[in-house]
Amino acid sequence: MSTLIFAAAAASSSGSSNPILPATGEIIWSILSFGILLVLLGKWAYPPVRKMMADRADKIRGDLDAADMAKAEAQRTLEEYKEQLAQARRDATHILDEARQTAEALRADLLAKAEEDAANVRVRNEEALRIERQRVIAELRSEVGSLALELAEKIIDAEVDRAASQALIDSFISEIGS
Amino acid sequence: MLLAGINFPPISDVLNWRSIVFGGTPFALNKVGLITLAATVITLVLFFFAGRQAKLVPSGVQNFVESMVDFIHNSIVVDVMGPEGVPWAPYLTGLFFFIFFCNIFEVIPFIQMPATARMSVPAPLALIVWITFIAVGVKSQGVGHYFKNAIVPPGVPGPLLLLLVPLEILSNFIVRPFALAVRLFGNLLAGHLLLLTFAVISEAMFVKSVGLVVLPLPFAMLTALTGYEIFVSALQAFIFTILSALYIAEAMKAAH
């Protein structure tokens, strides 16, 4: 560094131009350069760059807003769907319950009707049986009477008046029936 | 012994450049003038490419320019001047880029000369800023109000004003432009001479085989200082720009 100072001292003492002082040409060119830069930058070079940056910022802001809106819309739709799904579940449960109740009522009805039908059939059968039995008994009574008469005729070998012996036949059958 | 081998060039040889064209006229164009023109051309070309690409996701030149524009717009213009300072963004952006490129030629190989290490560049810039903030103050507050606000502190008793008014005049209208120019000039001149010193020492060590043992030391220092000077180039451009913004912002509003 001391060399440098000596050199500086030597330079200034040797009568050459002071290195600190500005030179006219340099001043003019620096003002000219800076002036040209300011004019061209301000008029022509700076605004497009700044506009592009502002446009981009606007676009990003717009995109973010749109994304927020889309997200809110999606959220709303999701809520709606959830609500609809819950409603559908409630409806389905309701329908199922109703169906179950209807089926239960139907089953009870059918069962009651079937039981009633069965009872009717049973009564009818019993009635038919009873009539048939009476008919059979009457037929049998008649047949047995005839047979007994024939048998008696054959046994006593005598002609007996049917009408007269009817009382006898009846008492005979009563004894058999009892 | 070793120092005797170091051939340090006269300081005027590394600061005063011969004119290339228009020699002998006031328009003599030398290396410093060329660097200022280059700073203008580089800035405009960068902005041209950045504006022409206009990609949604910036990369390369567009990314660099946009991040710098964004930095100046947010950290200097809006932070210091507020929203009403936005019309000054192109002016301050131009100032920052111009000073930065004038500075950065300090470490560009084969050029290695910051234009701002010559008083011819910082002084006119400081003068332009000085004229700007006075013009802004006069335009926004009126001549009487502006100068009254600038040099008469409110709420100060009469006798003290005798002392404070000259101080305020000195501080606001003389020291400000002087300090702006000298800060930039001094930093870059010092950086330039430091780099030069270590480059000369490294060269001397390399040429004189006796110095080979300690060659890595000045060379390492040269490398480290080159990095540091890149930082200084950006920092000084930032300081000059933010102070200019501050002065203009102060002139726009009624002081105090």
Whole number please: convex hull volume per residue of the Cα set in segment A:59-107, in Å³?
31
When the chain is fully extended, how far beyond the present Cα-Cα distance does B:Ala179 get from B:Asn74, taking 0.36 nm per residue of separation?
35.3 nm
Binning every alpha carbon pair distance of segment A:32-177 at 10 Å from zero, what are the percents per bin?
8, 12, 9, 8, 7, 7, 7, 6, 6, 5, 5, 4, 4, 4, 3, 3, 2, 0
Residues in segment A:44-63 near a label at B:Lys139, defined as backbone nitrogen under 20 Å from the 7 Å Cα→Cβ point?
A:44-47
Cross-link partners of A:Lys82 among lysines (Cα-Cα below 20 Å; sequence separation of 8 or more within a chain):
A:Lys71
For B:Phe64 and B:Ala190, extending 7 Å from Cα along the Cα-Cβ vector and measuring point to point gives, in nm, a value of 2.8
Evaluated at q = 0.06, 0.08, 0.10 Å⁻¹: base-10 log I(q)/I(0), Debye formula over Cα of the protein assembly as shown
-0.50, -0.69, -0.90
For segment B:137-256, the Cα gyration tensor yields equivalent-ellipsoid semi-axes (√(5λ), largest first, whole Å) of 49, 15, 9
Would you tell me the mean number of C-beta atoms belonging to other protein chains that fall within 10 Å of each C-beta in B:35-43, as a whole number?
5
For B:87-97, what's the mean count of beta carbons from other chains sitting within 10 Å of each residue's beta carbon?
4
Taking the Cα centre of segment B:85-225 as the origin, how large is its charge dipole in debye, to the nearest 20, when only Lys and Arg (+1) and Asp and Glu (-1) carry charge on their Cβ atoms?
220
Mind checking B:26-34 for the average number of partner chain beta-carbons within 10 Å of each residue's beta-carbon?
5
Equivalent ellipsoid, segment B:11-165 (semi-axes from 5 times Cα gyration tensor eigenvalues, Å):
35, 26, 13
Can you pull the one-decimal nm distance between simple spin-label points at A:Glu153 and B:Leu163, each 7 Å off the Cα toward Cβ?
17.9
Going fewest to most other Cβ atoms within 10 Å around each Cβ, A:His94, B:His145, B:His192, B:His73 line up as A:His94, B:His145, B:His73, B:His192
Set of lysines near B:Lys139 by C-alpha distance (under 18 Å), chain-local residues within fewer than 8 positions excluded
B:Lys148, B:Lys253
Over the protein assembly as shown: helical MRE at 222 nm, DSSP H runs n ≥ 4 each giving -39500 (n - 2.57), nearest 500
-26000 deg cm²/dmol
Computed FRET value (nearest 0.05) for A:Asp58 with A:Ala103, which takes r as the C-beta separation and R₀ as 60 Å
0.35
For B:Lys208, the lysines lying under 24 Å Cα to Cα, once residues fewer than eight places off in the same chain are dropped, come out as none
Compute the FRET efficiency between B:Thr25 and B:Ile111 as 1/(1 + (r/R0)^6), taking r as their Cβ-Cβ distance and R0 = 25 Å, and round to the nearest 0.05.
0.55
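Any read-out appearing in this document is the output of simple, stated calculations on the displayed coordinates, not a laboratory observation. Given the structure is predicted, the values throughout are model-derived calculations rather than measurements. Quick reminder, even Gly has a Cβ in these numbers, built from the backbone with ideal geometry, and neighbours come from all protein chains shown.
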